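Enquirer: I have a structure I would like to understand better, so I am pasting it below and will then ask my questions one at a time.
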Amino acid sequence: MKKSIHINLFLIATLIGFSGCMNKTSQSEFKDGDWHGCIVGMYPENGNEKLPSGNLHEIDDFEAITQHKIGSVVWFPTWDDEFPTLACNKLAERGIIPHLTWELFWPSEDPNNSRQTGSKGYQGFRDLLDGKYDAYIDRFAEDAKAFGKMVLIRFLHEFNGNWYVWSGNKNGKAEGGPEQVVAVWKYVVDRFKAKGANNVKWLWVPHGPSIDMSTEPWNHVSNYWPGNEYVDWIGLDGYNFYPMDPWGQERPFRDFDNCFRALYDDCAKLGDQPMMIAEFGTGEFQYEDFDKAAWITDAFKKIKTDYPRVKIFTWFNINKELDWRVNSSPEALDAFKKSLQDPYYIGTPSIK
């Protein structure tokens, strides 16, 4: 009898130990984006001003008009800002993944991020690599680590365009521009890793086709790739500006595939990370029998069927260069709502 009890106790202990090992294994093997479907994300029109104080009213409004839960929200802190702990905690309480587009400039010195780069490129790059901002980077990393939950950081975004001071275009072009971007990216990520901020997920984001970027070989996205160990998510940005931007320049018509197909395929070759549409949208337009409502319907059909690695999308919900908002017209809003009725589009994900 005692022998039988000992055997049973041994078996129970073994099973418990095995179960524990399985849990550890499943947790260690879990990968970002390992959920069915695509998370609905957005940028609130006044997010940069309201979110840092924990004001989530625009998220409430967006969920109300779209009749769908939001699972990720982006805004744009700069290097004048500390890590937004309050906002991140408020979002996490609602199951929303914070998405920080951490812009490498200082509005206190250059309010419009319009500083010209000189013959040696962006001074901010040189100062950063010389260690001038180490204390700030480390503090940001430590606060992010203390937050303790998943947070996406999109750094040096749209580096292949010609509009940001951190682009390859403004830091040497074919004479080392992409290499400069990669060096800055690695420097910052390495400091975060040294602080153990492993809950930070690094989101690497080029822009899709645009008349405002070089198509020369030096500017191909592969030249900006820092390596698999430096990227957790691959993001894609793209817009349909047709027929004209607010500065009076004519723009070509771009449907969803024209914005993203080639970029998605190029990025898919670089690593096996999950992808997201980090920014996208269209203004109101009429192109033959195609309009904004049809563009939206087409986009969400394509994400589901043709872009399986896209696990989050972020709609740029602001009236800015054009009226990108989902409710720029009743027809656009109706198309957006109907598209999100597909259960493929989710709020807080259920992990497999």
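The values are calculated or read from the model by the stated rules, or taken from the named source; none is laboratory data. Given the structure is predicted, the values throughout are model-derived calculations rather than measurements. Glycine also receives a Cβ, built like all others from the backbone with ideal geometry; neighbour counts cover every protein chain displayed.
Enquirer: Surrounded by fewer than 23 Cβ atoms within 10 Å (Cβ to Cβ), among the charged types (D, E, K, R) and under 26 Å from G33 (Cα atoms): which single residue out of D143, D138 fits that description?
Expert: D143
Enquirer: With G168, G227, G161 as the choices, which residue is closer than 28 Å to N258 by Cα and touching a His at 6+ places or on another chain (Cβ under 9 Å)? Spell out the reasoning first.
Expert: Details: G168 fails: touching a His at 6+ places or on another chain (Cβ under 9 Å); G227 fails: touching a His at 6+ places or on another chain (Cβ under 9 Å).
Result of the check over G168, G227, G161: G161.
Enquirer: A further question follows. What number of residues within the stretch 300-352 satisfy the criterion of being of a type in the set (G, A, S) and either over 21 Å from P243 (Cβ atoms) or modelled with pLDDT under 95 (or both)?
Expert: Of the residues in that region, 3 qualify.
Enquirer: Among the residues of the stretch 223-244, write down those that are farther than 18 Å from I277 by Cβ and in contact with a Leu (Cβ under 6 Å, 6 or more places away or on another chain).
Expert: W225
Enquirer: Filter the stretch 305-330 down to the residues that are surrounded by fewer than 21 Cβ atoms within 10 Å (Cβ to Cβ), charged (D, E, K, R) and touching a strand residue (DSSP E or B) at 6+ places or on another chain (Cβ under 7 Å) and list them by number.
Expert: Answer for the stretch 305-330, where residues must be surrounded by fewer than 21 Cβ atoms within 10 Å (Cβ to Cβ), charged (D, E, K, R) and touching a strand residue (DSSP E or B) at 6+ places or on another chain (Cβ under 7 Å): just R309.
Enquirer: With respect to L263, is the statement that it is over 21 Å from H157 (Cβ atoms) and not in a loop (DSSP other than H, G, I, E, B) true?
Expert: no
Enquirer: Here's a follow-up. So is V165 within 29 Å of N319 (Cα to Cα), buried (at least 17 other Cβ atoms within 10 Å of the Cβ) and of a type in the set (V, I, T) or not?
Expert: So V165 passes the test.
Enquirer: Which numbered condition trips up G196, out of (1) in contact (Cβ under 8 Å) with a residue 60 or more places away in the chain; (2) within 24 Å of I234 (Cβ to Cβ); (3) loosely packed, with under 14 Cβ neighbours inside 10 Å; (4) not aromatic (F, W, Y)?
Expert: The failed condition is (1).
Enquirer: What number goes with the only condition from (1) more than 20 Å from H99 (Cβ to Cβ); (2) at pLDDT 95 or above; (3) not polar (S, T, N, Q) that V151 does not pass?
Expert: Of everything listed in (1) more than 20 Å from H99 (Cβ to Cβ); (2) at pLDDT 95 or above; (3) not polar (S, T, N, Q), V151 misses just condition (1).
Enquirer: Any chance the stretch 149-157 includes a residue that's surrounded by fewer than 20 Cβ atoms within 10 Å (Cβ to Cβ), of a type outside the set (S, T, N, Q) and more than 24 Å from W106 (Cβ to Cβ)?
Expert: yes
Enquirer: Among the candidates A293, A268, A299, which residue alone is of a type outside the set (D, E, K, R) and surrounded by fewer than 16 Cβ atoms within 10 Å (Cβ to Cβ)?
Expert: A268
Enquirer: Confirm whether E103 is crowded, with 21+ Cβ neighbours inside 10 Å, at pLDDT 95 or above and either in contact with a Pro (Cβ under 7 Å, 6 or more places away or on another chain) or among the acidic types (D, E) (or both).
Expert: yes
Enquirer: While we're on this one: Pick from A293, A278, A262: which is among the aliphatic types (A, V, I, L, M) and under 25 Å from M150 (Cα atoms)?
Expert: A278
Enquirer: State whether the residues of the stretch 285-308 include one that is in contact (Cβ under 8 Å) with a residue 60 or more places away in the chain, of a type in the set (A, V, I, L, M, F, W, C) and in contact with a Gly (Cβ under 8 Å, 6 or more places away or on another chain). Before you say what the answer is, go through the steps one by one.
Expert: From the stretch 285-308, those in contact (Cβ under 8 Å) with a residue 60 or more places away in the chain are 303-304; that's our starting set.
Right, trim to of a type in the set (A, V, I, L, M, F, W, C) and you get 303.
Subset that is in contact with a Gly (Cβ under 8 Å, 6 or more places away or on another chain): none.
No; the residues of the stretch 285-308 include none that is in contact (Cβ under 8 Å) with a residue 60 or more places away in the chain, of a type in the set (A, V, I, L, M, F, W, C) and in contact with a Gly (Cβ under 8 Å, 6 or more places away or on another chain).
Enquirer: Taking the condition of being of a type outside the set (A, V, I, L, M) and in contact with a Cys (Cβ under 6 Å, 6 or more places away or on another chain), how many residues in the stretch 209-238 meet it?
Expert: 1
Enquirer: Further question: Just one of (1) part of a helix (DSSP H, G or I); (2) under 20 Å from V165 (Cα atoms); (3) touching a Gly at 6+ places or on another chain (Cβ under 8 Å) trips up G238, so point out which.
Expert: Status for G238: all satisfied but (1).
Enquirer: So which residues in the stretch 236-262 are under 18 Å from K292 (Cα atoms) and either small (G, A, S) or surrounded by fewer than 14 Cβ atoms within 10 Å (Cβ to Cβ) (or both), if there are any at all?
Expert: Matches in the stretch 236-262: G238, P243, M244, P246, E250, P252.
Enquirer: Residue check: is P52 at pLDDT 95 or above, under 17 Å from the mean Cα position of the chain (by Cα) and surrounded by 15 or more Cβ atoms within 10 Å (Cβ to Cβ)?
Expert: When the stated conditions are applied, P52 does not pass them.
Enquirer: Same structure again: Counting only residues that are in contact with a Phe, Trp or Tyr (Cβ under 9 Å, 6 or more places away or on another chain) and of a type in the set (A, V, I, L, M), which one in the stretch 141-150 is farthest from L86 (Cα to Cα)?
Expert: Residue satisfying both the conditions and the ranking: A141.
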